[in-house]
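See structure below.
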Amino acid sequence: MIKFLIMKFIIFLYLIIFTTNIYANEIVFIDLNKIMNESIVGKYINNQIDIEKNKILEDFKKTEEKLKENENQILSQKNLLKSDEFDKKVIKLKNDVANYNNQRKIILAKFKEKQNKVSQEVIVKINIILSEYMKDKSISLIIRKKDIIVAKKNLDITNEIIDLLNNKVKEIKF
(Lines give C-alpha, C1' and ligand atoms only; values in the text may rest on other atoms or scores of the structure.)
Protein backbone atom coordinates (compact mmCIF):
# COMPACT_ATOMS: atom_id res chain seq x y z
CA MET A 1 0.00 0.00 0.00
CA ILE A 2 2.81 2.42 0.87
CA LYS A 3 4.63 1.53 -2.33
CA PHE A 4 1.45 2.25 -4.25
CA LEU A 5 1.08 5.71 -2.62
CA ILE A 6 4.76 6.51 -3.17
CA MET A 7 4.43 5.48 -6.80
CA LYS A 8 1.34 7.69 -7.22
CA PHE A 9 3.15 10.59 -5.60
CA ILE A 10 6.19 10.19 -7.87
CA ILE A 11 3.99 10.02 -10.97
CA PHE A 12 2.06 13.06 -9.78
CA LEU A 13 5.28 15.08 -9.27
CA TYR A 14 6.64 13.92 -12.61
CA LEU A 15 3.46 15.06 -14.40
CA ILE A 16 3.50 18.45 -12.67
CA ILE A 17 7.16 19.06 -13.49
CA PHE A 18 6.84 17.77 -17.06
CA THR A 19 3.70 19.76 -17.92
CA THR A 20 5.08 22.90 -16.27
CA ASN A 21 8.18 22.75 -18.47
CA ILE A 22 6.08 22.24 -21.59
CA TYR A 23 3.85 25.22 -20.88
CA ALA A 24 6.74 27.42 -19.78
CA ASN A 25 8.24 27.10 -23.27
CA GLU A 26 5.00 28.08 -24.95
CA ILE A 27 4.76 31.54 -23.35
CA VAL A 28 7.05 34.38 -24.45
CA PHE A 29 7.01 38.16 -24.42
CA ILE A 30 8.01 41.07 -26.64
CA ASP A 31 8.80 44.74 -26.13
CA LEU A 32 6.82 46.64 -28.77
CA ASN A 33 8.49 49.96 -27.89
CA LYS A 34 11.90 48.45 -28.54
CA ILE A 35 10.68 47.03 -31.85
CA MET A 36 9.29 50.40 -32.92
CA ASN A 37 12.51 52.21 -31.91
CA GLU A 38 15.19 49.76 -33.06
CA SER A 39 13.85 48.10 -36.20
CA ILE A 40 14.68 49.58 -39.60
CA VAL A 41 11.06 50.39 -40.38
CA GLY A 42 10.53 51.80 -36.87
CA LYS A 43 13.55 54.08 -37.17
CA TYR A 44 12.41 55.17 -40.62
CA ILE A 45 8.92 56.04 -39.38
CA ASN A 46 10.21 57.83 -36.29
CA ASN A 47 12.57 59.85 -38.50
CA GLN A 48 9.76 60.77 -40.93
CA ILE A 49 7.50 61.74 -38.01
CA ASP A 50 10.22 63.98 -36.56
CA ILE A 51 10.86 65.64 -39.93
CA GLU A 52 7.18 66.37 -40.53
CA LYS A 53 6.61 67.46 -36.94
CA ASN A 54 9.54 69.90 -37.12
CA LYS A 55 8.23 71.30 -40.40
CA ILE A 56 4.77 71.82 -38.90
CA LEU A 57 6.22 73.46 -35.78
CA GLU A 58 8.39 75.73 -37.92
CA ASP A 59 5.32 76.85 -39.89
CA PHE A 60 3.47 77.49 -36.63
CA LYS A 61 6.38 79.53 -35.33
CA LYS A 62 6.47 81.70 -38.46
CA THR A 63 2.74 82.36 -38.26
CA GLU A 64 2.96 83.18 -34.56
CA GLU A 65 5.79 85.62 -35.26
CA LYS A 66 3.70 87.36 -37.94
CA LEU A 67 0.75 87.62 -35.56
CA LYS A 68 3.02 89.01 -32.84
CA GLU A 69 4.43 91.59 -35.30
CA ASN A 70 0.89 92.62 -36.25
CA GLU A 71 -0.01 92.98 -32.59
CA ASN A 72 3.05 95.11 -31.89
CA GLN A 73 2.33 97.25 -34.95
CA ILE A 74 -1.28 97.80 -33.86
CA LEU A 75 -0.19 98.66 -30.31
CA SER A 76 2.38 101.14 -31.63
CA GLN A 77 -0.35 102.86 -33.68
CA LYS A 78 -2.80 103.02 -30.80
CA ASN A 79 -2.29 106.74 -30.13
CA LEU A 80 -2.09 107.62 -33.84
CA LEU A 81 -5.33 105.95 -34.98
CA LYS A 82 -8.89 106.89 -34.29
CA SER A 83 -10.53 104.58 -31.79
CA ASP A 84 -12.83 103.11 -34.50
CA GLU A 85 -9.89 102.21 -36.73
CA PHE A 86 -7.93 100.86 -33.79
CA ASP A 87 -10.88 98.71 -32.68
CA LYS A 88 -11.29 97.34 -36.23
CA LYS A 89 -7.61 96.37 -36.35
CA VAL A 90 -7.82 94.74 -32.92
CA ILE A 91 -10.92 92.77 -33.97
CA LYS A 92 -9.19 91.69 -37.19
CA LEU A 93 -6.14 90.57 -35.20
CA LYS A 94 -8.36 88.60 -32.78
CA ASN A 95 -10.05 86.92 -35.76
CA ASP A 96 -6.66 86.10 -37.28
CA VAL A 97 -5.52 84.56 -33.98
CA ALA A 98 -8.75 82.55 -33.69
CA ASN A 99 -8.35 81.31 -37.29
CA TYR A 100 -4.73 80.40 -36.60
CA ASN A 101 -5.72 78.43 -33.49
CA ASN A 102 -8.43 76.56 -35.43
CA GLN A 103 -6.03 75.76 -38.27
CA ARG A 104 -3.42 74.63 -35.76
CA LYS A 105 -5.89 72.21 -34.15
CA ILE A 106 -6.89 70.82 -37.54
CA ILE A 107 -3.29 70.38 -38.70
CA LEU A 108 -2.24 68.71 -35.44
CA ALA A 109 -5.26 66.38 -35.56
CA LYS A 110 -4.44 65.36 -39.16
CA PHE A 111 -0.80 64.80 -38.21
CA LYS A 112 -1.78 62.64 -35.22
CA GLU A 113 -4.20 60.67 -37.41
CA LYS A 114 -1.49 60.08 -40.00
CA GLN A 115 0.97 59.06 -37.29
CA ASN A 116 -1.53 56.58 -35.83
CA LYS A 117 -2.31 55.15 -39.28
CA VAL A 118 1.35 54.49 -40.04
CA SER A 119 1.93 52.98 -36.61
CA GLN A 120 -1.06 50.69 -37.16
CA GLU A 121 0.42 49.56 -40.48
CA VAL A 122 3.64 48.58 -38.71
CA ILE A 123 1.72 46.77 -35.99
CA VAL A 124 -0.19 44.82 -38.65
CA LYS A 125 3.13 43.75 -40.17
CA ILE A 126 4.44 42.80 -36.72
CA ASN A 127 1.29 40.76 -36.03
CA ILE A 128 1.77 38.83 -39.27
CA ILE A 129 5.38 38.09 -38.32
CA LEU A 130 4.31 37.09 -34.79
CA SER A 131 1.68 34.71 -36.16
CA GLU A 132 4.23 33.00 -38.37
CA TYR A 133 6.74 32.89 -35.52
CA MET A 134 4.15 31.31 -33.22
CA LYS A 135 3.44 28.57 -35.75
CA ASP A 136 7.12 27.87 -36.40
CA LYS A 137 8.14 27.77 -32.73
CA SER A 138 4.94 26.17 -31.36
CA ILE A 139 4.26 29.09 -29.06
CA SER A 140 0.81 29.40 -27.56
CA LEU A 141 0.97 32.90 -26.02
CA ILE A 142 2.89 36.12 -26.64
CA ILE A 143 2.58 38.85 -24.02
CA ARG A 144 3.64 42.50 -24.15
CA LYS A 145 6.59 43.24 -21.91
CA LYS A 146 4.86 46.19 -20.27
CA ASP A 147 2.19 43.81 -18.91
CA ILE A 148 4.74 41.58 -17.16
CA ILE A 149 5.98 42.06 -13.65
CA VAL A 150 8.80 39.50 -13.62
CA ALA A 151 9.99 37.04 -16.27
CA LYS A 152 13.08 35.19 -17.35
CA LYS A 153 15.19 36.99 -19.94
CA ASN A 154 15.26 33.92 -22.19
CA LEU A 155 11.49 34.31 -22.76
CA ASP A 156 12.07 37.69 -24.45
CA ILE A 157 11.83 37.25 -28.25
CA THR A 158 12.03 40.95 -29.08
CA ASN A 159 15.41 40.78 -30.83
CA GLU A 160 14.31 37.82 -32.94
CA ILE A 161 11.18 39.68 -34.01
CA ILE A 162 13.25 42.78 -34.83
CA ASP A 163 15.48 40.65 -37.08
CA LEU A 164 12.45 39.11 -38.82
CA LEU A 165 10.84 42.53 -39.26
CA ASN A 166 14.09 43.97 -40.64
CA ASN A 167 14.28 41.16 -43.18
CA LYS A 168 10.66 41.47 -44.33
CA VAL A 169 9.85 45.20 -44.11
CA LYS A 170 12.29 47.99 -44.87
CA GLU A 171 9.98 51.00 -45.00
CA ILE A 172 6.35 52.00 -45.02
CA LYS A 173 5.10 54.95 -46.99
CA PHE A 174 4.58 57.92 -44.69
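The values are calculated or read from the model by the stated rules, or taken from the named source; none is laboratory data. Not measured: the values here are computed from a predicted model. Glycine gets a Cβ as well: all are built from the backbone with ideal geometry, and neighbour counts include every protein chain shown. Note: areas computed on protein heavy atoms with side chains; ligands, DNA, RNA excluded. Shrake-Rupley method; radii C 1.70, N 1.55, O 1.52, S 1.80 Å.
Results, tabulated for the structure shown:
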quantity	calculated
Over 18 Å between alpha carbons, listed pairs K61/K92; K43/K168; K53/K110	K61/K92
FRET efficiency estimate (nearest 0.05) - Cβ-Cβ, I11 to E113, R0 45 angstrom	0.15
With Cα atoms, 0 to 90° folded angle of helix 40-76 axis to the chain main axis	20
Counted charge near K82, where neighbours are those whose Cβ lies closer than 14 Å (Asp, Glu -1; Lys, Arg +1)	0
Between helix 83-137 and the chain: long-axis angle, C-alpha atoms, 0 to 90°, nearest 10	20
Surface per residue (accessible, 1.4 Å probe) for the chain, Å²	77
Portion, in percent, of the accessible area of the chain that falls on carbon or sulfur, probe 1.4 Å	57
Fluctuation leader among I162, I129, I143 - the chain, Gaussian network, Cα springs under 10 angstrom	I143
Structure-derived Rg/Rh (Cα atoms, Kirkwood Rh): which label, when the choices are (1) 0.94; (2) 0.97; (3) 1.38	(3)
Cleavage-rule hits (trypsin sites (Lys or Arg not before Pro)) in the stretch 82-174: DSSP loop, at most 13 neighbouring Cβ within 10 angstrom	K82, K152, K170, K173
